[in-house]
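The structure under discussion appears below in the form of structure tokens.
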Amino acid sequence: MVFSAIVTVGRPASLAGEHHRLTLQETIERARRNSVEAQQALTELRAAYWQYRAHKADLLPEVSLSATLPSYSKQYNAYQTADGSYTFVRSNYLETTGTINATQRIWQTGGTLTLSSSIDYLRQYGEDGGRRYMAIPLRLTLSQRLFGVNDVKWARRIEPFRYREAKANYLAATEGVTIQAVNLYFNLLLSKENLSMARQNYQNAQRLYDVALAKREMGIISDNDVLQMRLNLLQAESALTDGQTAVSSSRFRLATFLNLTDSVDIDTVVPELAMTADVSYPLALQKAMENNSLQRRLHRQRMEADYSVASARSNQRSVNVYVSVGYTGQDRRWRGAYSPLNEHQRVEVGMSIPLLDWGRRKGRIRMAENNRRTLRSQLEQEEKTFKQNLFILVEQLNNQARQLRIANEADSIARRRYDTNVKTFVAGTISTLELNDAQNSKDAARRQRIQQMYEFWNLYYELRSITLWDFEKNTYIDADFEALIKK
């Protein structure tokens, strides 16, 4: 299938001047760069990017330094003697500690592996005071939860889909900005066409009124026809005034959207369109299923529902394993704390198993499973609705292309008919009613042509926003996300 959409390109002009000629394609490009909506979409993309970066950083080793510099204590503390009685002893010491940790999350199991090195300094004041150093040159610690949900593994599955979804949303939002630009562009284009027709109609009404006055002097037409010509002139003048106001309003809205100065006089160019074939629904559906953020969102939500069920099931029991091995040394001197070294080992296994919870945990599991079934039904219905709307959109676009060809031909015929009727009226062979009918038909055909052209472009870019496929170039719609984020 071949789809071709050719837009006339106007002569470039500087925005510093008072008059600027914009084609539809130039308007779209400026909207994607300068509009507030485009900047908002970029901000949301950056937020998703940094969220994804934070997730990736969680999978990498983290190196940290913790220290106490220093901790001083001078107080009395309770002390139990050998006979079981208590007394108070005075403590007066200065303590300084420092630890370097390298921590790595194990995504396959959800555990945490930590390699650390530390040194403690203790200075005791008083008659029996002194100083001591304790060093742990190397300690390896494993903390692992058994039978629990692996949060890291689930995040590793979900987060990439979330970021791909955000990128697809950005591309769709960019196409949404395009749709807004098309809307405002054609509003101005139609306003200018209406103003041009109003100006031409006013000139023609003035000329025909002068002809009618001359004919009445010759007794060819009645006073009623002259009054009708005068009424036509007044109506044409009123339409001209309304047209000037509409053009100013439409130009202001477009300039604001494109982030241009209000003093810029934007001139629009009627796009020229050429279609050689219809859009194929199977192709549109294939590209939509591949590229649209909907599929990524549906997949992500299904995984999140599965994660909720797994989390509820893991809360039925909990077993934690903590293992720490390393070497420890102490001495009155700093160097002596590192030689000789003694083994340091610690193994801890803890568990939590509910014996009687009145079905609370089981109820949470059933609720999570029910929510997952409900979500899956909703997602299936959403996918069906998506395909149905896409089919309707493709049909509307193909039909709109045919409507546009009809409108172009009708506009050409109506203009030729009106020109012929003006000459015929001057010759005196048709009435004012026939002339008015030809004028109204000409104006209506011109407006219909612009309206049908707007409908086509609106549907075309709406289809692009859903499929993220350029039917003109027959390629994917993509962006340099790294460059966008670094802007």
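The values are calculated or read from the model by the stated rules, or taken from the named source; none is laboratory data. Everything numeric here is computed off the predicted structure, so don't read it as measured data. Counting neighbours? That spans all protein chains shown, and the Cβs are built from the backbone with ideal geometry, glycine included. For accessibility, only protein heavy atoms count, side chains too; no ligands or nucleic acids. Shrake-Rupley method; radii C 1.70, N 1.55, O 1.52, S 1.80 Å.
Miscellaneous remarks
- Residue list for segment 306-356, filter: at pLDDT 80 or above, farther than 18 Å from GLN144 by Cβ and aliphatic (A, V, I, L, M): VAL309, ALA312
- Residue among ARG90, ARG33, ARG53, ARG105 that is at pLDDT 85 or above, part of a strand (DSSP E or B) and either open to solvent by 80 Å² or more (accessible area, probe 1.4 Å) or in contact with a Phe, Trp or Tyr (Cβ under 6 Å, 6 or more places away or on another chain) (or both): ARG105
- Scanning segment 275-329 for residues that are in a helix (DSSP H, G or I), open to solvent by 40 Å² or more (accessible area, probe 1.4 Å), closer than 30 Å to ASN398 by Cα and among the charged types (D, E, K, R) yields GLU290, ARG296, ARG297.
- Given (1) out of contact with any helix residue (DSSP H, G or I) (no Cβ under 9 Å at 6 or more places or on another chain); (2) touching a residue at least 60 places away in the same chain (Cβ under 8 Å), number of the condition GLU217 does not satisfy: (2)
- Considering ALA337, ALA284, the condition of being of a type in the set (A, V, I, L, M, F, W, C), out of contact with any Leu (no Cβ under 7 Å at 6 or more places or on another chain) and in contact (Cβ under 8 Å) with a residue 12 or more places away in the chain is satisfied by ALA337 alone.
- Which numbered condition THR97 misses (of (1) open to solvent by 50 Å² or more (accessible area, probe 1.4 Å); (2) without any contact (Cβ under 8 Å) to a residue 40 or more places away in the chain): (1)
- Residue in segment 461-487 that is least open to solvent (accessible area, probe 1.4 Å), counting only those that are under 18 Å from GLN295 (Cβ atoms) and assigned to a strand (DSSP E or B): TRP469
- Test result for SER66, modelled with pLDDT of 85 or more, closer than 30 Å to ASN101 by Cα, in contact with a Ser or Thr (Cβ under 6 Å, 6 or more places away or on another chain) and surrounded by 11 or more Cβ atoms within 10 Å (Cβ to Cβ): yes
- For GLN403, the criteria (1) modelled with pLDDT under 80; (2) under 30 Å from TYR461 (Cα atoms); (3) of a type outside the set (Lys, Arg) hold in every case but one, which is (1).
- Here is the figure for segment 376-420: residues that are open to solvent by 40 Å² or more (accessible area, probe 1.4 Å) and aliphatic (A, V, I, L, M) total 4.
- Qualifying residue in segment 111-118 (condition: within 30 Å of HIS299 (Cα to Cα) and assigned to a strand (DSSP E or B)): yes
- Of all residues in segment 127-152, those that are under 11 Å from GLY111 (Cβ atoms) have Cβ atoms under 7 Å from Cβ atoms of residues that are part of a loop (DSSP other than H, G, I, E, B) and open to solvent by 60 Å² or more (accessible area, probe 1.4 Å), 6 or more apart or on another chain, in GLN144/THR109; ASN150/THR109; VAL152/TRP107.
- THR268 at pLDDT below 85 and among the hydroxyl-bearing types (Ser, Thr, Tyr): yes
- Set ALA444, ALA427: member being among the small types (Gly, Ala, Ser) and either within 30 Å of ASP278 (Cα to Cα) or in contact (Cβ under 8 Å) with a residue 40 or more places away in the chain (or both): ALA444
- Some residue of segment 109-121 being surrounded by fewer than 16 Cβ atoms within 10 Å (Cβ to Cβ) and in contact (Cβ under 8 Å) with a residue 60 or more places away in the chain: no
- Of the candidates ARG145, ARG156, ARG131, the single residue that is open to solvent by 70 Å² or more (accessible area, probe 1.4 Å) and closer than 30 Å to PRO340 by Cα is ARG131.
- The requirement of being assigned to a loop (DSSP other than H, G, I, E, B) and among the β-branched types (Val, Ile, Thr) is fulfilled somewhere in segment 245-265, by at least one residue.
- Figure legend. Inter-residue proximity from segment 374-394: first residues under 11 Å from ARG302 (Cα atoms), second residues basic (Lys, Arg) and part of a helix (DSSP H, G or I), beta-carbon distance below 9 Å, spacing 6+ or different chains. Indicated pairs: LEU375/ARG302; ARG376/ARG302; LEU379/ARG297; LEU379/ARG302.
- Some residue of segment 145-161 being touching a Ser or Thr at 6+ places or on another chain (Cβ under 9 Å) and assigned to a strand (DSSP E or B): yes
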